[in-house]
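Here is the structure we will look at, set down as structure tokens.
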Amino acid sequence: MATNLHRNCIFCLIANNQDEEAEIMKENNELVCFKDIDPAAPHHYLVVPKRHIYSCFSLHKGHICLVERMAEMGKAVLREQGITDMKVARLGFHMPPYISVGHLHLHVIAPASQISEYMGYKFIPGTESFITEESLRKHLQYKPSGSQQCLGNCMSS
């Protein structure tokens with residue numbers, strides 16, 4: 001069990017095998033990927049760290065590799081599900097206050113062209129609510145370790 005588990009966090013429970021309803025697609029010692037309970041597209045998965053991290057605002061330069069590993073796990077699940085062209089996928093994070101669960105989670109969605117009309121607004125890259133995995137990694141290059149808040153605009157590339 002992760003040492004930083006929040007018992008009232010549903011994603012902590014899922015990540016640590018304490019939720020029987022979650023459909024786990026892939027996991028390792030650090031991360032878990034599971035199906036979103038309210039999918040926006042035919043393939044909609046969430047990748048979460050087993051250790052509780054609140055959101056992308058909690059990250060700094062030292063977390064770039066974590067974000068990369070989260071994306072790699074998400075892409076691996078898409079490939080296992082028959083999605084081989086990653087250009088049709090959308091990988092990103094919601095940013096506070098636009099998060100529904102206070103636990104870092106990467107949305108892995110494919111094909112992006114099939115995101116449902118009523119949910120599309122939630123997953124538009126470059127908006128104040130959604131940042132792509134790639135943009136977040138670029139931003140984190142300039143955020144020093146130990147920083148407690150988002151420096152500047154988290155949307156900047």
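The values are calculated or read from the model by the stated rules, or taken from the named source; none is laboratory data. No experiment lies behind these values; they were computed from the predicted model shown. Ideal geometry is used to build each Cβ from the backbone, glycine not excepted, and the neighbour counts take in all protein chains shown. For accessibility, only protein heavy atoms count, side chains too; no ligands or nucleic acids. Shrake-Rupley method; radii C 1.70, N 1.55, O 1.52, S 1.80 Å.
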Given charges at beta-carbon only (K, R positive; D, E negative), |dipole| of the chain in Debye
560
Quick check: with the 1.4 Å probe, what order do Tyr45, Tyr54, Tyr121 take by accessible area, largest first?
Tyr121, Tyr54, Tyr45
With a ≥ b ≥ c from the Cα gyration tensor eigenvalues, square-rooted, and the rule rounded for a/c under 1.5, otherwise prolate when a/b > b/c and oblate otherwise, region 37-89 is prolate
Which pairs, out of Lys26/Lys61; Lys87/Lys138; Lys87/Lys143, put more than 24 Å between their alpha-carbon atoms?
Lys26/Lys61; Lys87/Lys143
If amide H atoms are built 1.01 Å from N in the plane of the peptide, which residues on other chains or at least 5 residues away come under 5 Å of the amide H of Leu31?
Lys50
Within region 66-137, list the GluC sites (Glu not before Pro) lying in a DSSP loop whose Cβ has at most 12 other Cβ atoms in a 10 Å radius.
Glu117, Glu128
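Length gain on complete extension for the stretch Ala76 to Glu30, per 0.36 nm per residue less the alpha carbon to alpha carbon distance? All intermediate terms of the calculation are to be shown ahead of the outcome.
On the way: separation 46, 0.36 × 46 = 16.56 nm, distance 1.52 nm.
Going from the current span to full extension adds 15.0 nm.
In Å², what does the accessible area per residue of the chain work out to with a 1.4 Å probe?
Accessible area per residue: 52 Å².
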What does the charge count near Asp85 come to, summing +1 for each Lys or Arg and -1 for each Asp or Glu among other residues with Cβ under 12 Å from its Cβ?
+3
Gap in Å between the Cα centre of region 1-30 and the Cα centre of region 65-120?
18
Using the Kirkwood radius built from alpha carbon pairs, what does the Stokes-Einstein equation give as D for the chain at 4 °C and 1.567 mPa s, in µm² per second?
83
Carbon and sulfur together cover what percent of the accessible area of the chain at a 1.4 Å probe radius?
48
